[in-house]
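The values are calculated or read from the model by the stated rules, or taken from the named source; none is laboratory data. Everything quoted here is computed from the prediction, not taken from an experiment. Don't worry about glycine lacking a Cβ; one is built from the backbone with ideal geometry, like all the others, and counts go over all protein chains shown.
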Ligand code: UDX
Ligand code: UDX
């Protein structure tokens, strides 16, 4: 099939690459000329494991192109995906201006019976809104709108796209549903379940899925707090409850709170939609509040530990903290709503000097962080630090030489906010260990 994808972000690029690898002819269109130029020169604008290889292969085979030209390329498309950004609006709702702009821009160029697919996460009712825009802008007959939410996790987006748990298709009519079934027939052949429903249901499925996963994380984070008080271990508790098939082991990893481009904005979007429709979502509202508090609480815990260790009143002004991991999760360079942003800003507000290292997010960090010493390796970041705070569980951190880190530090606090290490691996090198949902283990002060 001839497919156009509007938006060459994490979702648009992955969708385009995945569809091109299934023998479709795909054009990925973005308004950002620099991004398109980079892609045409074989450079990836984002870090997503494996995506570069699939894109290169599909481009070489002539099945994937990148352009800024909407008019020429939408004209021949049977299916046009909208995969543009849907950030939070100032009132907590969703800013749909990119979706509306994209719909308006494709409208006049759509061919007869073209299917416009909303891939971006949008509130219930958006497909209806896009239909209304197309009714006034589209000159062709029989254009229809479908909601087909993505469930991609950054870092494993390609795998999630190629091996989905399910494909959700919300269509107003049989034509839209049939075209989507045809497009996804290779997945149907592999027995991936299809959920055929209305656009509003499809839109809500995406919000409800993300909110439910965020709620699981919020729940286990609260249990982690209790574990710390009772001398428990949240890892054992999570495994113990997760093996109940009704609960499931996934998304029960306690940590610094969820971040990223989806959970924070989608939980806010669902809470806002609930209020707007007179069906508030208090559970989700609490999950949002608890998550935001959690990131602040982490910074407070670090500050408290630094103050306890030093008797001088100026200690906090002179304190240095090394942050290990800036991206909101491993295997991505994305720092949108990352816990690191909140933690660093709170430490800096208290006068703490912050150094940091992330294996892939340094370019984004440079654009987002002021006055943070961005270091080329963890050892450099740890030099003269009073505390290390690990916020992202990159596997390369697991291979660190803890003795070497301890030797270069000034203080001895190691905050492992992803439980990446066993306490003994840290304690053995003279450092104090502060994990999540496990009791802190601190060396006795020297006489
Ligand atoms: C986006 C949404 O934010 C998310 O909610 C949804 O589930 C999937 O799409 P992402 O791919 O991460 O996620 O967005 P982003 O990285 O912001 O990329 C969007 C791209 O669209 C940008 O490259 C932007 O230049 C482009 N764009 C935006 C257009 O090409 N045309 C427009 O009119 C607006
Ligand atoms: C999420 C959804 O998983 C995906 O289906 C949707 O389409 C987009 O949003 P993403 O945000 O890319 O994907 O990553 P995810 O792996 O879900 O992690 C989100 C956040 O939750 C990260 O900050 C991660 O560290 C955190 N998390 C995840 C936990 O703290 N504990 C867990 O057990 C799982």
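Which ones in region 148-167 are within 11 Å of ligand 2 (Cβ to nearest atom) and outside any loop (DSSP other than H, G, I, E, B)?
157, 160, 161
For region 296-305, how many residues meet the condition of being within 16 Å of ligand 2 (Cβ to nearest atom) and crowded, with 23+ Cβ neighbours inside 10 Å?
1
Among the residues of region 76-104, how many are outside any strand (DSSP E or B) and either within 10 Å of ligand 1 (Cβ to nearest atom) or crowded, with 24+ Cβ neighbours inside 10 Å (or both)?
Count: 15.
Here is a list: 49, 124. Which entry is surrounded by 21 or more Cβ atoms within 10 Å (Cβ to Cβ) and over 14 Å from residue 12 (Cβ atoms)?
Being surrounded by 21 or more Cβ atoms within 10 Å (Cβ to Cβ) and over 14 Å from residue 12 (Cβ atoms) holds for just one of 49, 124, which is 124.
Could you count how many residues in region 1-53 are under 19 Å from residue 82 (Cα atoms), within 12 Å of ligand 1 (Cβ to nearest atom) and free of Cβ contacts under 8 Å to residues at least 40 places away in the same chain?
Number of matching residues: 9.
Give the residue that is nearest to ligand 2 (Cβ to nearest atom), with candidates limited to residues of region 266-286 that are over 17 Å from the mean Cα position of the chain (by Cα) and either outside any helix (DSSP H, G or I) or closer than 29 Å to residue 415 by Cβ (or both).
Top of the filtered list is 284.
Is at least one residue of region 233-240 part of a loop (DSSP other than H, G, I, E, B) and more than 16 Å from residue 151 (Cα to Cα)?
Among the residues of region 233-240, at least one is part of a loop (DSSP other than H, G, I, E, B) and more than 16 Å from residue 151 (Cα to Cα), which makes the answer yes.
Within the bounds of region 69-81, is there any residue that is within 16 Å of ligand 2 (Cβ to nearest atom) and in contact with a strand residue (DSSP E or B) (Cβ under 9 Å, 6 or more places away or on another chain)?
Yes, because at least one residue in region 69-81 is within 16 Å of ligand 2 (Cβ to nearest atom) and in contact with a strand residue (DSSP E or B) (Cβ under 9 Å, 6 or more places away or on another chain).
From the list 213, 110, which residue is surrounded by 15 or more Cβ atoms within 10 Å (Cβ to Cβ), free of Cβ contacts under 8 Å to residues at least 60 places away in the same chain and assigned by TED's automatic domain parsing to the domain that holds residue 49?
After ruling out the rest, the residue left standing is 110.
Regarding residue 218, is this residue in the same structural domain as residue 332 (by TED's automatic domain parsing) and not in a helix (DSSP H, G or I)?
Judged against the criteria, residue 218 is not a match.
Could you list, in sequence order, the residues of region 251-265 that are more than 6 Å from ligand 2 (Cβ to nearest atom), in a loop (DSSP other than H, G, I, E, B) and under 16 Å from the mean Cα position of the chain (by Cα)?
Matches in region 251-265: 256, 257, 261.
Search region 105-119 for residues being in contact with a strand residue (DSSP E or B) (Cβ under 6 Å, 6 or more places away or on another chain) and within 10 Å of ligand 1 (Cβ to nearest atom), and hand back the single one that is farthest from residue 139 (Cα to Cα).
The residue in question is 119.
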